[in-house]
Amino acid sequence: MSIYLAMAGSNSNTNTNTSRLTRSGGRNGSAPSSVVRGNSPAVSELTTPSTASRLANDVTRVDNVTLFDIGGPDDDAISPVRRIRFTADEEEELWENANRRENPVADDSDKEEEEDVGVAANEAAIDRGEHDDEVNRAIGIEDSWADFIASYQGEVDMEREAHRLAALNAQSLAVAIPGAPVGWIPPGAPDDWTPDAVKVQKKEPNVAFETIDNPGGWSQFVYRPKFGGKGGHGDYVDHQLPTGATPVPEANGRRTAGGFEFFYKGWQKEVPNLRSGATRDNMWPDNRKGSLDVNILKHLGMTKDRMFDPEGDNNEPDALFFHQLILPIHSIDNNKVLTVERDPRKPFYSNVARWSNLYACEELGILGGGYGHEFKATSPIECLQWDGTVVMDGALGGSRGSFLRRFDTRKGNIMYCPLIASTFTKTRWLEMKRCYKLCNNLTAKKKGQPDYEPAYKFDYIWEVIAHNANAFSLFAECDLCYDETSYAFNVWGEKGTGLIGLVMGKPGITRGGKTCLLSDVHRIRPRGYIHRHKLHQKTFNCAGPHEVLLVWQRMQPLFHADSFRPRGIFREKPHITCGNFFSGDDVIKYACTEGFGLTMTCRRDRLPSTMPRKHLCKSKTAVTKRSRAARWMHPIFCLRQHQPTGALIQLTTFQSTSSCNLIHVNAVNANTMYAASKERGKGAHKRHWAIEMNESRRLYLDSYGRIDSTDHLIKNCNMYYR
């Protein structure tokens, strides 16, 4: 190891050790520069003679001094630093000589006062004493060299952290987006990007960018000229966003087109009274949430022990009680008062058992007819148990249609289930499957009759679930989700009805049917449903808007009192979130007329017919640096008041991964751009970022997925049989 010692002398012929080892490599006690950089300090940085007076011949190289020599016992240790002690007069002479070399043009009359010289001498003596303590620790008298170097680490870490926080603070002050993490900077133009030269030959205006109509304050990186012709080889058209949107010209201080007024820097309703005054920070006010009717539940037998069974495992609830709340086992006839007086629910298993027996007796002739094997009449309990075997099969992982293996006791069959086999024999299970009916075939309306329902064979279970969920609700939530749910059914349906057909875009389903389900946004509480087929009486040409009309008509009894409740379960007309399949001018006008709120994604071919398309975000865009930067702009908000109802039709068009359009009726009280903070990882690997957000998008994202969640839960049950 080689160590360099700084030697300062009073003249060129005499080399005198005047090295001074301190904790700092500069002024004000800061750490040496090499330590701040994270490197080991050089000895020249730990010794502090006058830097300007350090000449090449003042440095002596000492070789063959190792860490082992430095870290030895006190008596045997070799010190790489040797200090010559001076008197006060010698120290003063050395300082004057160094000062002359550092200030060669200074006048000899520029001398310090005697009092200042004395103070300097005293300070030098104190500094030498502190310096000697540092040297002793450095050469191992008190501490080892490694400890001495490590003593800088805390200061270095604090200094680095201070620089990092200062940089983050500067960044956060430079870019202020509500909701974004501190120090996060949104995507923008690359540092080396420059605008293209003005193409005067293509009739592009040769004017400053600041003079171009730019109501959104968009950057030049995002808002660029558009040229016509194939490949952009034609003349200048206008300036556009990546999505193809161009601003509406201003006239009389307003920007209007197609009956809509356009806002480019956010919008705020003067009186925020839509959806109970919902805001960005409180998108779901408490007074819009639904609740169950505790009095009806207690009347039907609800107790604390049934919710948390003290004798069960892990305080599990009474599952059978909750199952029969939705699908009652007993017969419900309030004229005979068989069980509970004034029970508002519809029966289920009692009717299933009766219809199954009727089918076995009338159509199959195996019950009491003397034909074939004798069929034993079924009961509501047995029908419940049969449903339970299907659920149990799914809970065990599902058999993928090979249900009969649950009865197979042969050696090596891991599918055998003693619980299922002890409840049914294989023969009886097949008999029940053959006769199980959810309708009365003798009284059901047939094709060609008024109000014929092609889904009558399985409609009853949907009717019971929706009716009973509404029956013990005190209030329904004022925000609802409406979407389709698909079911697999690999047989032919009734000809001409469209009930069963190919199912596209649904994982695991190629053929089956669809039912449109309406539920609370924050709870799985079905309020209504519509089976999708071709025999509905047509009001609108498009199926989606027409299905919104049908489910709204079916909901009307829920707004009025009946024999079991003194008022409807909705405190006000609800707000409904749908997908783009249900969008269109027809359903928007219908919602305005009926007075209910609406939020839906709007298909590009179903944008408002009166609005010029060039002012909306409609073009498909790839994910590029330009499109990423375009996301961080205020959405274009379009507003129109429906006449004569006064309902507000609101359209939000903006850049996301591609063009995105959301249309509302009486839904949002404000619409601006802000950030939704995201994070991933933990500890040193934790990272923070943000995604673009506005009130329209937040409302849709938080309310559209309830039916999809229901589908996912049903899929996890693995219920399937042939």
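Within region 187-223, being in contact (Cβ under 8 Å) with a residue 40 or more places away in the chain and closer than 20 Å to residue 628 by Cβ holds for 187, 188, 189, 190, 216, 217, 218, 219, 221, 222.
Here is a yes/no grid of residues against (1) at pLDDT below 90; (2) more than 36 Å from the chain's Cα centre (by Cα):
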site: 286; (1), (2): no, no
site: 289; (1), (2): no, no
site: 292; (1), (2): no, no
site: 308; (1), (2): yes, no
site: 332; (1), (2): yes, yes
site: 350; (1), (2): no, yes
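For region 239-278, residues that are within 31 Å of the chain's Cα centre (by Cα), small (Gly, Ala, Ser) and farther than 20 Å from residue 654 by Cα total 3. Scanning region 546-565 for residues that are out of contact with any Gly (no Cβ under 9 Å at 6 or more places or on another chain), more than 13 Å from residue 472 (Cα to Cα) and part of a loop (DSSP other than H, G, I, E, B) returns a single hit, 563.
In region 595-605, the condition of being over 29 Å from residue 188 (Cβ atoms), among the basic types (Lys, Arg), modelled with pLDDT under 95 and surrounded by 19 or more Cβ atoms within 10 Å (Cβ to Cβ) is met by no residue. So residue 320 clears everything in (1) in contact with a Lys or Arg (Cβ under 7 Å, 6 or more places away or on another chain); (2) more than 15 Å from residue 438 (Cα to Cα); (3) of a type outside the set (Lys, Arg) except one condition, right? Which one? Just one mismatch for residue 320, condition (1). Of everything listed in (1) outside the structural domain of residue 384 (by TED's automatic domain parsing); (2) over 43 Å from the mean Cα position of the chain (by Cα), the single unmet condition for residue 471 is (2). For region 633-659, the candidate set comprises residues that are hydrophobic (A, V, I, L, M, F, W, C) and surrounded by fewer than 20 Cβ atoms within 10 Å (Cβ to Cβ); within that set, the residue that is nearest to residue 595 (Cα to Cα) is 648. For first residues located in region 382-400 and in the same structural domain as residue 414 (by TED's automatic domain parsing) and at pLDDT 90 or above, partners that are charged (D, E, K, R) and surrounded by 16 or more Cβ atoms within 10 Å (Cβ to Cβ) and lie 6+ apart or on another chain with Cβ distances below 9 Å form the pairs 389/406; 392/406; 393/406; 396/406. For residue 374, indicate whether it is in a loop (DSSP other than H, G, I, E, B) and loosely packed, with under 14 Cβ neighbours inside 10 Å. The answer is yes for residue 374.
For region 339-371, the set of residues classified as loosely packed, with under 14 Cβ neighbours inside 10 Å and more than 25 Å from residue 458 (Cβ to Cβ) consists of 341, 342, 368, 369, 370, 371, listed by residue number. Considering only residues in region 591-600 that are within 18 Å of residue 260 (Cα to Cα) and not aliphatic (A, V, I, L, M), the one that is farthest from the chain's Cα centre (by Cα) turns out to be 592. Residue 461 falls short on exactly one of the conditions (1) under 42 Å from the mean Cα position of the chain (by Cα); (2) without any contact (Cβ under 8 Å) to a residue 40 or more places away in the chain, and that condition is (2). Highlighted here are the helices (runs of 4 or more DSSP H) found entirely within region 275-352 that include at least 3 residues which are without any contact (Cβ under 8 Å) to a residue 40 or more places away in the chain: 304-307, 319-326.
Okay, residues lined up against (1) touching a strand residue (DSSP E or B) at 6+ places or on another chain (Cβ under 9 Å); (2) among the hydrophobic types (A, V, I, L, M, F, W, C); (3) closer than 30 Å to residue 481 by Cα:
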residue	(1), (2), (3)
314	no, no, no
324	no, no, yes
331	no, no, no
344	no, no, yes
360	no, yes, no
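Scanning region 399-438 for residues that are surrounded by 14 or more Cβ atoms within 10 Å (Cβ to Cβ) and either touching a Cys at 6+ places or on another chain (Cβ under 7 Å) or part of a loop (DSSP other than H, G, I, E, B) (or both) yields 399, 402, 406, 408, 415, 416, 417, 424, 436, 437, 438. For region 482-505, the criterion of a residue being under 21 Å from residue 345 (Cα atoms) and modelled with pLDDT of 95 or more is satisfied by no position. Looking at 458, 424, just one residue is assigned by TED's automatic domain parsing to the domain that holds residue 357 and not acidic (Asp, Glu), and that residue is 424. Output the residues belonging to region 329-345 that are in contact with a helix residue (DSSP H, G or I) (Cβ under 9 Å, 6 or more places away or on another chain), within 20 Å of residue 382 (Cβ to Cβ) and not hydroxyl-bearing (Ser, Thr, Tyr). 329, 330, 332, listed by residue number. All told, residue 509 falls short of being crowded, with 16+ Cβ neighbours inside 10 Å, without any contact (Cβ under 8 Å) to a residue 24 or more places away in the chain and in contact with a Gly (Cβ under 7 Å, 6 or more places away or on another chain).
A single member of 578, 602 is within 19 Å of residue 704 (Cβ to Cβ) and in the same structural domain as residue 640 (by TED's automatic domain parsing), and it is 602.
The values are calculated or read from the model by the stated rules, or taken from the named source; none is laboratory data. Nothing here was measured: the structure is a model prediction, and the numbers come from that model. Positions of Cβ are generated from backbone atoms using ideal geometry, with glycine treated the same way; all protein chains shown enter the neighbour counts.
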